[in-house]
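Below is one structure, written out as structure tokens, with a few remarks after it.
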Amino acid sequence: MTIQEEVKKRKTFAIISHPDAGKTTLTEKLLLFGNLIRSAGTVKGKKSGKFATSDWMEIEKQRGISVTSSVMNFPYKGHQVNILDTPGHEDFSEDTYRTLTAVDSVVMIIDATKGIEAQTIKLFKVCRMRGIPIFTFINKLDREGRQPLELLEEIEQVLNIETYPMNWPVGMGKRFLGIFNRFDKNFVKYNGNEEETYIAYDELDKPEHKELVEHPTYQETVEELELLDEAGDLFSLDAVLAGEQTPVFFGSALAPFGVQTFFDTFISMAPAPVPRKTTEGVMSPDNPDFSGFIFKIQANMNPAHRDRVAFLRVCSGKFERGMNVKLARTEKTIKLSQSQQFVASSRDTIEEAYAGDIIGIYDPNAYRIGDTLIEGKDQFEYDELPQFPPEQFKRVTAKNVMKSKQFKKGIEQLVQEGAIQLLKGYRTETYILGAVGELQYEVFEYRMKNEYNVEVMFESIGERIPRWLKEEQVDETIFDERSMLVRGREGEPIVLFKSDFALRWFKDKHPDIDLIDLLDVN
Ligand code: GDP
């Protein structure tokens, strides 16, 4: 197969959602389609230690998650599917955001009973910023939830994206009868735990469907559907691929219901790898020379094996084990001898990979997040990974003041590696660590102790809303505890607002000060 054919087959995506919306349940169903697992419950089963066989990372092990589930890949109907995990719950971290730089599309799950929730908004914004196509799955239709129209309206208003319902539910919860498949022009009948049945639109008037068709809920929905056909937005694949319209699917991951149709449609519409921006113009995925970038580095917490694995997204050419590549930042040559592809159940060595694939490569302490690796003579780098706004802040000091040299060295390296963000007092040398999730502090503390032999102490500043501002607009007298002034990694001024209220209050009071939100997409 040519490189071009290999690339065209690849569908690399992540599933984003707020905790408990059903990401694990949906992923599990997809893995069943891919024959990657044999029974549902296996993915959650990792909590029982099933997958935690490696001593890979102590903290991950304690939390019952495993690095092996970071990427799941399987062949499906002629495609090669790569699903990247986006850790949520207490494992939410900058890595979750960074993962989104390595995918070509995203599935956003929304719980029909809750609508859009906080974490979904944050993850959505990152996708939006990067123009990633977003496919929406509204889950838990088997429960009494919010009205479909209301949910669509919420998506449009809160997320500011056009929606196109690919299917339309008839009832919900106890009255849930099934869905109209607007694209395939059939009705999918919900039979509880039994398998779903498909009825073509033109067969609905057959006598055996009389009971369904005369059901009041069905009648109401037909009217709704007509309205939607007349007044709703038109479907546009171009708008979807530009990240401006999201196709919406209703279903239940648990039942499962509507999952197969969703996945088949998604796979047929989701983009294969497209050209990516570099410092020297765009790079085509079918360019014969291998290239890729590192979006995540996982340090081994086991002191006996202090190796690290870098997660690399292949962007062009063909990766072959043992090949020599150039690290663009230093222009040094590195041999990629150890490589792994991550499958749900094991870490397999891989021999070759193409654009869209994610590989794990042994990191001889040479890589940084965002690094570009290239084969051949060219010299370029993929677009720098964006800086994501931290949400939690802690002052950090060494327990033993005698260790301050080691302390500084450790912080410097861990920050450079992208493990955590460093801020400083506006006028002081106080170290403040910013993180997206608590896990980042745990990893930091653990690694400082084990790799730099420094015990650290934290003093929490709490959750804060950071806004960047221009040095020339800083008037130190207007900031206080609720709007704390600090400096970022380049020395730039940042205000940490204690709450939404504090932020709004400040904006009212000082309307001429520009406050920059890193996740602002508009
Ligand atoms: P995650 O945190 O997003 O991975 O969510 P899970 O997949 O773990 O699901 C959270 C809870 O919602 C679990 O108890 C699931 O059984 C339940 N759940 C997931 N999908 C559905 C669904 O379609 N219907 C119902 N009723 N419950 C669901």
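Values for this structure:
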| quantity | calculated |
| --- | --- |
| Unmet criterion (only one of (1) of a type in the set (A, V, I, L, M, F, W, C); (2) touching a strand residue (DSSP E or B) at 6+ places or on another chain (Cβ under 9 Å); (3) without any contact (Cβ under 8 Å) to a residue 12 or more places away in the chain) for Met402 | (2) |
| Some residue of region 332-348 being in a strand (DSSP E or B), crowded, with 22+ Cβ neighbours inside 10 Å, more than 18 Å from the chain's Cα centre (by Cα) and modelled with pLDDT of 95 or more | no |
| Thr217 farther than 27 Å from Thr12 by Cα, in contact with a Lys or Arg (Cβ under 9 Å, 6 or more places away or on another chain) and among the polar types (S, T, N, Q) | yes |
| Pairs with Cβ under 6 Å, 6+ apart, first in region 222-237 and surrounded by 12 or more Cβ atoms within 10 Å (Cβ to Cβ), second among the small types (Gly, Ala, Ser) | none |
| Restricting region 431-455 to residues that are acidic (Asp, Glu) and under 14 Å from Thr397 (Cβ atoms), the residue that is surrounded by the most Cβ atoms within 10 Å (Cβ to Cβ) | Glu445 |
| Flag for Gly192 being more than 31 Å from the chain's Cα centre (by Cα), within 16 Å of the ligand (Cβ to nearest atom) and either at pLDDT below 95 or more than 30 Å from Glu384 (Cβ to Cβ) (or both) | yes |
| In region 76-87, the residues that are buried (at least 22 other Cβ atoms within 10 Å of the Cβ) and either without any contact (Cβ under 8 Å) to a residue 60 or more places away in the chain or within 16 Å of the ligand (Cβ to nearest atom) (or both) | Ile83, Leu84, Asp85, Thr86 |
| Identity of the residue in region 229-252, modelled with pLDDT of 95 or more and aliphatic (A, V, I, L, M), that ends up nearest to Lys23 (Cα to Cα) | Val248 |
| Filter result (within 31 Å of the chain's Cα centre (by Cα) and without any contact (Cβ under 8 Å) to a residue 40 or more places away in the chain) within region 405-418 | Ile411, Glu412, Gln413, Leu414 |
| Region 252-283 - residue that is more than 16 Å from the ligand (Cβ to nearest atom), polar (S, T, N, Q) and in a helix (DSSP H, G or I) and, of those, farthest from Thr113 (Cα to Cα) | Ser268 |
| Of the criteria (1) closer than 27 Å to Leu327 by Cβ; (2) buried (at least 18 other Cβ atoms within 10 Å of the Cβ), which one Val259 fails | (1) |
| Meets criteria (among the β-branched types (Val, Ile, Thr), part of a loop (DSSP other than H, G, I, E, B) and within 16 Å of the ligand (Cβ to nearest atom)) for Thr113 | yes |
| Only one of Glu60, Glu28, Glu6 that is modelled with pLDDT under 95, more than 16 Å from the chain's Cα centre (by Cα), farther than 27 Å from Leu141 by Cα and surrounded by 14 or more Cβ atoms within 10 Å (Cβ to Cβ) | Glu60 |
| Filter result (over 19 Å from Gly370 (Cα atoms) and part of a helix (DSSP H, G or I)) within region 84-104 | His89, Glu90, Asp91 |
| Condition check for Lys125: outside any loop (DSSP other than H, G, I, E, B) and over 30 Å from the mean Cα position of the chain (by Cα) | no |
| Members of region 128-143 that are part of a loop (DSSP other than H, G, I, E, B) and either within 14 Å of the ligand (Cβ to nearest atom) or basic (Lys, Arg) (or both) | Arg130, Lys140, Leu141, Asp142, Arg143 |
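Each row is one residue, and each column tells you yes or no for (1) part of a strand (DSSP E or B); (2) modelled with pLDDT under 95; (3) under 22 Å from Asp91 (Cβ atoms).
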{"residue": "Leu423", "(1), (2), (3)": "yes, no, no"}
{"residue": "Leu433", "(1), (2), (3)": "yes, no, yes"}
{"residue": "Gln440", "(1), (2), (3)": "no, yes, yes"}
{"residue": "Lys449", "(1), (2), (3)": "no, yes, yes"}
{"residue": "Met457", "(1), (2), (3)": "yes, no, no"}
{"residue": "Arg467", "(1), (2), (3)": "yes, no, no"}
{"residue": "Glu472", "(1), (2), (3)": "no, yes, no"}
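The values are calculated or read from the model by the stated rules, or taken from the named source; none is laboratory data. Every value quoted in this text rests on a predicted model; they were computed, and no experiment measured them. Cβ sites come from the backbone with ideal geometry, for glycine too, and all protein chains shown count toward neighbours.
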